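Scroll down for the structure; my scribbles are underneath it.
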Amino acid sequence: MNAQRLIVNDSDIACLRRLDPIFDQIHLAYGPPPNWARQPGFMSLCKIILEQQVSLASGKAHFLKLEGYIGEISPKAILELTDDEMRQCQISRQKSTYLKELSKWIATGRLDLDGLSHLPESEVRTQLTSIKGIGQWTSDIYLMFCLQSPDILPLGDIAIINTIRELFPTASKENIQALSANWRPLRTLSSFYLWHYYLQSRNRPAIT
């Protein structure tokens, strides 16, 4: 997968607003979404793992506590931590296992994070989901935020699903996938708009 242009850009916004009037309505109400992006690499993937099944605020707090404890977030530093030290950083036993498993894959050369940007999306998913603790949601978020992959709708994200059901009341779990097909090849931009609507309509802070 070669480097992509930024997800939020004028030409794609105009195209998406034509594809589905709901995005035109969101745009008129709240403007364009931020271009959410994170630096590719180990630190970002650790942060995404810590955000699994918790609020973004909680995931960020746990990441900052870990970072404050060990300094630089690196595979070597993670592998040197004891279970007690992980708990002192408010990291659960399960997520501690996930972080250490990821660290082992990188330390032993089984995963080349830097090389993922040059691979097809399907291969990125295959490599990431081979690691214990990394499933479809985590790989989706890494692809979207870190690799700026343009056509992903993270159906494992509760905020995305709840927003679709709010804006499309007749959308069942079974037909959300079919509905989102209308937004191709801009489903990442559509996801950014859905998150943007979710946060703005509830007066919640933006994703960081």
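The table for this structure:
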| item | result |
| --- | --- |
| Sole residue being crowded, with 21+ Cβ neighbours inside 10 Å, in the same structural domain as Arg18 (by TED's automatic domain parsing) and over 23 Å from Ser74 (Cα atoms), chosen from Leu189, Leu155 | Leu189 |
| Checking Ser190 against (1) of a type in the set (S, T, N, Q); (2) in a helix (DSSP H, G or I); (3) touching an Asp or Glu at 6+ places or on another chain (Cβ under 8 Å); (4) under 30 Å from Ser96 (Cα atoms), the condition it does not meet | (4) |
| Residue within the stretch 63-75 that is within 30 Å of Ala181 (Cα to Cα) and free of Cβ contacts under 8 Å to residues at least 12 places away in the same chain present | no |
| In the stretch 84-124, the residues that are closer than 19 Å to Pro40 by Cβ, surrounded by fewer than 19 Cβ atoms within 10 Å (Cβ to Cβ) and out of contact with any Gly (no Cβ under 8 Å at 6 or more places or on another chain) | Ala107, Gly109, Arg110, Asp112, Gly115, Ser117, His118, Leu119, Pro120, Glu121, Ser122, Glu123 |
| Residues located in the stretch 1-42, provided they are charged (D, E, K, R) and more than 30 Å from Ile106 (Cβ to Cβ) | Asp10, Asp12, Arg17, Arg18, Asp20, Asp24 |
| Total residues in the stretch 53-63, condition surrounded by 13 or more Cβ atoms within 10 Å (Cβ to Cβ) and either farther than 24 Å from Asp114 by Cβ or at pLDDT below 95 (or both) | 7 |
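The values are calculated or read from the model by the stated rules, or taken from the named source; none is laboratory data. This structure is a prediction, so every number in the text was calculated from the model and none was measured. Every residue, glycine among them, receives a Cβ derived from its backbone with ideal geometry; neighbour counts consider all protein chains shown.
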